[in-house]
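Participant: For reference, the structure I am asking about is given below.
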């Protein structure tokens with residue numbers, strides 16, 4: 001079943017069929033992977049720089065808060081996303097012995113996906129964001145994603161239907177799980193109510209919104225960055241090493257346990273928050289149980305290489321695979337560990353999370369992708385890789401880059417986490433000025449910048465190799481038309497065909513060709529026949545049932561994890577003093593979101609002594625009922641803001657926005673001078689309040705109708721106060737900064753308790 | 001059937017007939033026993049954890065917080081007992097005005113806690129200036145001391161009672177009068 005070039009096959013032998021694989025689409029996805037990889041990593045380097053040299057937040061649309069989501073989206077959905085598609089398109093065709101079902105759908109998929117990425121790269125810096133991590137893209141783009149994903153799914157499942165190989169290989173199981181789960185996650189977490197073309201509010205608020213987001217967020221990690229890459233590994237690793245998969249039984253056990261368990265783990269992102277403790281506990285225990293299912297993939301990968309270790313030295317792609325799988329093993333041990341509450345109380349909000357993510361993303365996703373690409377280049381361009389030495393250089397440089405990055409971030413995260421909670425012997429916070437805990441880790445931020453830059457440079461070496469390999473292919477005049485393969489006509493597909501009676505495994509057995517009378521118990525025998533290689537083998541031959549069972553596996557955890565939270569009243573005990581934001585404050589909140597303040601600031605004080613000592617009372621679920629969407633944040637690059645209202649006067653905030661370093665000389669917060677120039681836009685305030693009213697926020701019709709006037713009045717009052725505190729800031733009533741200050745001064749003020757007494 | 005793996009393998013490495021996907025074959029090896037056992041152990045631990053949390057053997061959020069608060073309260077109480085009791089009145093504060101040690105301690109406190117709002121040279125900014133003799137809110141040294149300790153919430157002057165002890169507040173009170 002070797003693939004031959006187009007011209008090589010003219011006559012097809014009896015019992016064989018000719019298929020042409022579509023490799024052009026794969027080539028396109030490879031280009032896109034590399035291109036967006038460079039873009040995403042470059043933005044990563046830029047934002048790493050912004051954290052040490054705040055002056056590099058040089059333009060309104062290029063501040064840290066706006067660029068960080070560009071970075072995460074680019075590397076997850078553009079770099080890893082395109083890599084996944086390249087892997088799926090290349091391997092699926094060969095594993096099922098069929099061309100991708102529709103060239104048109106393949107084209108729509110490719111170009112549609114790239115357009116979505118471009119739309120993301122434009123809208124995110126402009127401040128159009130739903131704020132939820134990895135689901136930031138506004139609703140029209142989210143709908144486009146759903147459509148393109150369905151196109152992909154149709155193309156994929158249709159190809160499965162056309163398959164000539166009866167049984168689905170384990171790589172395909174992982175692809176199936178990824179495709180259906182991402183569809184479910186994406187739809188549920190993007191349920192919003194639009195208030196403009198690029199503006200919307202989540203239909204969930206506070207605790208519920210947080211739960212849905214992290215059910216999504218965690219499983220985006222699972223079903224975008226883990227399962228498709230396991231599928232990739234299961235195809236490309238044994239191909240590259242030319243070794244059988246270590247254990248089929250392990251494949252089955254770890255596939256189903258992983259798929260079933262992963263979906264429950266989301267709430268481990270919400271330990272010690274307002275999420276009820278029982279829900280967080282479920283997240284924790286399922287994360288711990290996820291350890292071995294994850295390691296099943298690592299074992300099957302590494303053990304497949306037994307007896308082939310000499311090849312690792314010779315083939316650069318195998319080096320990438322081995323290191324990638326090792327990073328996967330480390331990250332999937334660390335993840336469960338960080339899910340344990342006691343560890344999480346230290347790691348959460350710190351750079352430890354960033355370290356964890358990058359050992360997985362740069363190590364596992366990056367290296368598996370580059371391993372695949374180095375293996376694919378010669379196949380796709382029908383020539384040898386231009387330079388193995390350069391590929392090896394890429395590997396070592398990138399490895400050093402990752403190590404610098406993660407070591408720096410581990411030490412930054414742990415250092416800062418410990419400083420936040422340190423008490424001196426007289427029972428006071430040792431570092432009660434937040435900036436002390438920032439300056440302590442700035443040297444580590446520099447090291448991270450170096451590590452990230454090395455990784456980016458290393459990726460550029462891949463570009464050189466790609467370019468030169470293609471040039472070489474052209475010079476050698478290689479024929480890049482679709483490769484053709486000869487495969488046996490699948491007997492199992494022609495059930496009614498007398499001449500091709502079916503054996504259980506799809507092969508034609510000449511001994512069973514004779515005629516016989518049907519008997520009443522034939523159906524029993526047929527079942528026995530079907531499962532004679534085990535029930536799972538039968539399932540592998542039944543793609544539809546396999547898909548349905550996978551769907552059920554992921555729905556169980558989703559439903560059991562989420563539904564009770566929504567139905568139980570005790571989740572969110574009411575707090576009477578909590579009132580909706582005023583129209584002006586709401587506009588301020590939207591500015592906060594557009595500027596990406598939530599990227600650096602959390603709004604969730606945890607019930608830990610060190611936190612209530614630093615930020616006063618811990619946050620209650622009832623405080624968040626009008627938070628559409630929730631803004632708890634996941635990283636504290638700056639201090640928590642849940643209770644910042646009234647902590648400073650307006651003039652402090654104004655000066656702080658104009659020039660943070662004037663207040664804290666070492667502050668790494670960007671300056672926001674445009675807040676003092678941009679006119680406060682109140683034209684949509686009414687519409688926004690109407691949408692919120694529909695979601696259940698108790699605004700009166702009068703408030704909704706007069707939203708603009710109400711906002712103006714409050715703005716004038718705050719501007720007056722500000723002007724009297726500091727005449728330099730007089731006359732700002734029509735500027736954005738007033739709305740933002742109004743919002744900040746409101747935060748946490750609805751509850752008048754101190755030091756955690758209820 | 002072929003054995004292609006190293007001789008010392010613990011696993012039988014028998015290739016499964018009929019499993020051939022684009023040339024990829026699969027061994028019929030069992031799952032590693034340690035893998036299976038650790039998996040079972042994590043399940044058992046999870047069941048145990050939930051039960052123990054429910055039964056109160058493992059502290060829940062509230063209990064943890066209460067214990068933490070107690071620990072800190074004890075520390076604070078102990079420290080309060082040991083802390084030098086300083087008497088704060090017009091006289092003791094006036095004495096500090098030309099106590100060089102107190103002034104230099106006060107300067108340190110000022111640089112880290114106050115300069116951001118009152119200016120490095122006491123020239124004012126977000127907060128009132130100290131380089132003139134006008135006081136907007138304070139009336140005498142004790143009143144300054146109290147403002148620094150308790151803050152002026154309505155004006156945006158933060159309380160410092162949780163960050164500074166009385167001695168430090170007295171020092172910085174002296175210092176702001178030296179501009």
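Participant: Only helices (runs of 4 or more DSSP H) wholly contained in the range A:176-294 count here; list those with 1 or more residues that are touching a residue at least 12 places away in the same chain (Cβ under 8 Å) and within 14 Å of chain B (Cβ to nearest Cβ).
Facilitator: Hits in the range A:176-294: A:227-241, A:248-262, A:277-289.
Participant: Would you mind stating whether residue A:329 is part of a helix (DSSP H, G or I) and buried (at least 24 other Cβ atoms within 10 Å of the Cβ)?
Facilitator: Details: part of a helix (DSSP H, G or I): yes; buried (at least 24 other Cβ atoms within 10 Å of the Cβ): no.
When the stated conditions are applied, residue A:329 does not pass them.
Participant: Please state which one of A:703, A:664, A:679 is in contact with a helix residue (DSSP H, G or I) (Cβ under 8 Å, 6 or more places away or on another chain), within 14 Å of chain B (Cβ to nearest Cβ) and in contact (Cβ under 8 Å) with a residue 24 or more places away in the chain.
Facilitator: That would be A:664, the only listed residue that is in contact with a helix residue (DSSP H, G or I) (Cβ under 8 Å, 6 or more places away or on another chain), within 14 Å of chain B (Cβ to nearest Cβ) and in contact (Cβ under 8 Å) with a residue 24 or more places away in the chain.
Participant: What is the one condition in (1) under 34 Å from the mean Cα position of the chain (by Cα); (2) buried (at least 17 other Cβ atoms within 10 Å of the Cβ); (3) in contact (Cβ under 8 Å) with a residue 24 or more places away in the chain that residue A:658 does not satisfy?
Facilitator: (3)
Participant: Right, another one. Kindly indicate whether any position in the range A:410-420 is over 28 Å from residue A:364 (Cβ atoms) and surrounded by 19 or more Cβ atoms within 10 Å (Cβ to Cβ).
Facilitator: yes
Participant: Where residues in the range B:148-158 are more than 10 Å from every other protein chain (Cβ to nearest Cβ) and touching a helix residue (DSSP H, G or I) at 6+ places or on another chain (Cβ under 9 Å), which of them is surrounded by the most Cβ atoms within 10 Å (Cβ to Cβ)?
Facilitator: B:148
Participant: Search the range A:522-535 for residues being closer than 16 Å to residue B:19 by Cα and surrounded by fewer than 17 Cβ atoms within 10 Å (Cβ to Cβ), and hand back the single one that is modelled with the highest pLDDT. Give the derivation first.
Facilitator: We begin by selecting, within the range A:522-535, every residue closer than 16 Å to residue B:19 by Cα; these are A:530-535.
Narrowing the set further to residues that are surrounded by fewer than 17 Cβ atoms within 10 Å (Cβ to Cβ) leaves A:530-532, A:534-535.
Values: A:530: 76, A:531: 77, A:532: 78, A:534: 85, A:535: 89.
Per the criteria, the residue is A:535.
Participant: With the structure loaded, tell me whether residue B:112 is within 10 Å of another protein chain (Cβ to nearest Cβ) and either modelled with pLDDT under 95 or crowded, with 21+ Cβ neighbours inside 10 Å (or both) or whether it fails that test.
Facilitator: Numbers: within 10 Å of another protein chain (Cβ to nearest Cβ): yes; either modelled with pLDDT under 95 or crowded, with 21+ Cβ neighbours inside 10 Å (or both): yes.
Considered against the rule, which asks whether it is within 10 Å of another protein chain (Cβ to nearest Cβ) and either modelled with pLDDT under 95 or crowded, with 21+ Cβ neighbours inside 10 Å (or both), residue B:112 comes out as yes.
Participant: Any chance the range A:117-127 includes a residue that's surrounded by 20 or more Cβ atoms within 10 Å (Cβ to Cβ) and in a helix (DSSP H, G or I)?
Facilitator: Yes, there is a match, as at least one residue in the range A:117-127 is surrounded by 20 or more Cβ atoms within 10 Å (Cβ to Cβ) and in a helix (DSSP H, G or I).
Participant: Also: Exactly one condition in (1) modelled with pLDDT of 95 or more; (2) surrounded by 14 or more Cβ atoms within 10 Å (Cβ to Cβ); (3) farther than 28 Å from residue A:532 by Cα is not met by residue B:47; state its number.
Facilitator: With respect to (1) modelled with pLDDT of 95 or more; (2) surrounded by 14 or more Cβ atoms within 10 Å (Cβ to Cβ); (3) farther than 28 Å from residue A:532 by Cα, residue B:47 is out only on (2).
Participant: Any residue in the range A:230-242 that is at pLDDT below 95 and buried (at least 24 other Cβ atoms within 10 Å of the Cβ)?
Facilitator: No: the range A:230-242 contains no residue that is at pLDDT below 95 and buried (at least 24 other Cβ atoms within 10 Å of the Cβ).
Participant: Looking only at the range A:402-427, count how many residues are closer than 23 Å to residue B:166 by Cα and in contact (Cβ under 8 Å) with a residue 24 or more places away in the chain.
Facilitator: Qualifying residue count, the range A:402-427: 2.
Participant: Does the range A:298-315 contain any residue that is closer than 27 Å to residue A:133 by Cβ and within 12 Å of chain B (Cβ to nearest Cβ)? Please lay out each step first, then the result.
Facilitator: From the range A:298-315, those closer than 27 Å to residue A:133 by Cβ are A:298; that's our starting set.
Applying the additional criterion that residues be within 12 Å of chain B (Cβ to nearest Cβ) yields A:298.
Checked against the condition, which is being closer than 27 Å to residue A:133 by Cβ and within 12 Å of chain B (Cβ to nearest Cβ), the range A:298-315 yields at least one hit.
Participant: Has the range B:16-30 got at least one residue that is within 28 Å of residue A:290 (Cβ to Cβ), facing chain A (nearest Cβ under 7 Å), in a helix (DSSP H, G or I) and touching a helix residue (DSSP H, G or I) at 6+ places or on another chain (Cβ under 7 Å)?
Facilitator: Within the range B:16-30, none of the residues are within 28 Å of residue A:290 (Cβ to Cβ), facing chain A (nearest Cβ under 7 Å), in a helix (DSSP H, G or I) and touching a helix residue (DSSP H, G or I) at 6+ places or on another chain (Cβ under 7 Å).
Participant: Anything in the range A:546-565 that is farther than 30 Å from residue A:167 by Cβ and surrounded by fewer than 13 Cβ atoms within 10 Å (Cβ to Cβ)? List them, or say none.
Facilitator: Those that are farther than 30 Å from residue A:167 by Cβ and surrounded by fewer than 13 Cβ atoms within 10 Å (Cβ to Cβ): A:559, A:560, A:563.
Participant: Right, next: If I ask for residues that are over 21 Å from the mean Cα position of the chain (by Cα) and crowded, with 21+ Cβ neighbours inside 10 Å, which ones from the range A:249-275 would you list?
Facilitator: A:250, A:251, A:254, A:272, A:273, A:274, A:275, listed by residue number.
Participant: On the basis of being assigned by TED's automatic domain parsing to the domain that holds residue A:717, surrounded by fewer than 20 Cβ atoms within 10 Å (Cβ to Cβ) and under 30 Å from residue A:125 (Cα atoms), does residue A:625 make the cut?
Facilitator: For residue A:625, the condition - assigned by TED's automatic domain parsing to the domain that holds residue A:717, surrounded by fewer than 20 Cβ atoms within 10 Å (Cβ to Cβ) and under 30 Å from residue A:125 (Cα atoms) - is met.
Participant: When you scan the range A:101-116, do you find a residue that is away from chain B (no Cβ under 14 Å), part of a loop (DSSP other than H, G, I, E, B) and either in contact with a helix residue (DSSP H, G or I) (Cβ under 7 Å, 6 or more places away or on another chain) or modelled with pLDDT of 95 or more (or both), even just one?
Facilitator: Within the range A:101-116, one or more residues are away from chain B (no Cβ under 14 Å), part of a loop (DSSP other than H, G, I, E, B) and either in contact with a helix residue (DSSP H, G or I) (Cβ under 7 Å, 6 or more places away or on another chain) or modelled with pLDDT of 95 or more (or both).
Participant: Now, a different point. Could you grab me the full set of residues in the range B:169-178 that are outside any loop (DSSP other than H, G, I, E, B) and either away from chain A (no Cβ under 14 Å) or surrounded by fewer than 18 Cβ atoms within 10 Å (Cβ to Cβ) (or both)?
Facilitator: Selection gives B:170, B:171, B:172, B:173, B:174, B:175, B:176.
The values are calculated or read from the model by the stated rules, or taken from the named source; none is laboratory data. Predicted, not measured: the structure shown is a model, and the values here were computed from it. Note that we place each Cβ from the backbone using ideal geometry, even for glycine, and neighbour counts take in every protein chain shown.
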